[in-house]
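The structure appears right after this line, and notes come after that.
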Amino acid sequence: QREIPVPFSHAQVCTSFGGREGTDIRATVYAVAGQIFDPLHSVFVSGALRLLAMETNTKALLRLLTTFGQSALQTSPSGSLIAIVDVGHAWTTFSLYTHIGSNLFSRTIPHASREKISTEKNELTQGTVDTIVETMRETMLFFKQKHQSVGVIVFGGVEAKDDRFKEKLGSVQGEYRTHLISDVVKLNGVSASQLHAFGGAIGAALRSINLRKHAYQHNFLTRT
C-alpha cells in the first residue's frame with residue numbers, strides 16, 4: 001500500500017506472479033480506483049457478454065508488440081526495459097516492462113486541457129506534450145540510476161502520432177529508440193490509424209485466444 005497512492009479499501013486490487021529472481025518470484029500488485037473500475041465493470045456484467053478478464057491497456061499493447069513486433073525488441077539490449085506509452089484524448093499512461101512482461105512502473109497522466117491547438121490537426125497542447133515527456137524523462141533517469149535503462153519506447157493510442165514526442169525525446173540524436181506501434185506492428189487489413197485506435201483491443205483479444213496461457217497475468221476481476 002505504501003507504494004501505490006490509491007487506498008486499497010476503495011480499489012480493485014489484484015496480483016500477478018512473474019519471473020524468478022534468484023530464489024524469489026516477482027509479484028506485482030495492481031490497483032485501480034473503485035470509482036473507475038465499478039462503472040466500467042457494470043457495462044459488461046448486465047448484458048449477454050461473458051466478461052473473463054479486465055487488464056491495463058498498456059499490458060494489452062505490450063502483448064500486441066511482443067506477438068507481432070518482435071523485430072523492434074530484438075535489438076534492444078539484454079536486461080533493458082520496454083516503455084509503452086498509451087496516448088489518448090484525455091490522458092496518457094506510461095508503463096515500464098521487463099522483456100518477460102513484468103510491470104515495474106505505471107503512471108497515468110491526465111491532460112491539463114482537452115483544448116486542441118488546431119481543430120484541423122487535432123493536436124494536444126504544447127503544455128500537455130511537455131508534461132508527458134518530462135514525466136517520462138524523470139522516470140527513465142530514476143531507473144537508469146538503479147541500473148535499469150530503457151531499451152525501446154513504443155507509442156500507441158489515438159494521439160500518439162505526434163512528431164513532437166520523438167523530437168523531444170531526442171530520438172533523432174539516438175538518445176532513445178522511439179517507435180510508433182504502427183511502425184513495428186503490421187497486420188493484414190489493419191491500417192496504421194486503426195492500430196493506434198484499437199491496438200489495446202487487439203492485444204486484449206490475443207489474451208482471450210488462450211486464457212489458460214495468460215491466466216497468471218493480472219486480472220482485475222480476481223480480487224486479492
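All of the numbers you see were taken from the coordinates with simple rules; none came from a lab. Computed from a prediction, not measured in an experiment: that's the story for all the values here. We place every Cβ from the backbone using ideal geometry, glycine too, and count neighbours over all the protein chains shown.
Which shape class, rounded, prolate or oblate, goes with the chain when its Cα gyration tensor gives a ≥ b ≥ c as root eigenvalues, a/c under 1.5 marks rounded, and past that a/b bigger than b/c marks prolate?
Numbers: a/c = 1.35, a/b = 1.17, b/c = 1.15.
It is rounded, given that a/c, with a ≥ b ≥ c, falls under 1.5.
Residues considered: I109, I209, I100. Largest GNM mean-square fluctuation over the chain, using C-alpha springs under 10 Å, is found at I209. Peptides 129-136, 90-97, ordered by how many other C-beta atoms sit within 10 Å of their residues on average, highest first, read 90-97, 129-136. Label-to-label distance for W91 and I4 is 1.4 nm, based on points extended 7 Å past Cα in the beta-carbon direction. Using the Karplus relation 6.51 cos²θ - 1.76 cosθ + 1.60 with θ = phi - 60°, the per-residue 3J(HN,Hα) values for the stretch 84-93 come to 10, 10, 9, 9, x, 5, 10, 7, 10, 10 Hz, with x marking Gly and Pro. For the chain, the mean residue ellipticity at 222 nm estimated from helices alone is -10000 deg cm²/dmol, where every DSSP H run of n ≥ 4 contributes -39500 (n - 2.57) and the total is divided by all residues, rounded to the nearest 500.
Output the Kirkwood hydrodynamic radius of the stretch 1-79, Cα pairs only, in Å rounded to one decimal.
15.7 Å
Using the average count of surrounding beta-carbon atoms within 10 Å as a protection proxy, the listed peptides 30-40, 1-11 rank, highest first, as 30-40, 1-11. FRET efficiency for the pair N210 and E175, taken as 1/(1 + (r/R0)^6) with r the Cβ-Cβ distance and R0 = 30 Å, rounds to 0.20.
Highest mean first, the peptides 74-85, 45-56, 194-205 sorted by other C-beta atoms within 10 Å per residue fall in the order 194-205, 74-85, 45-56.
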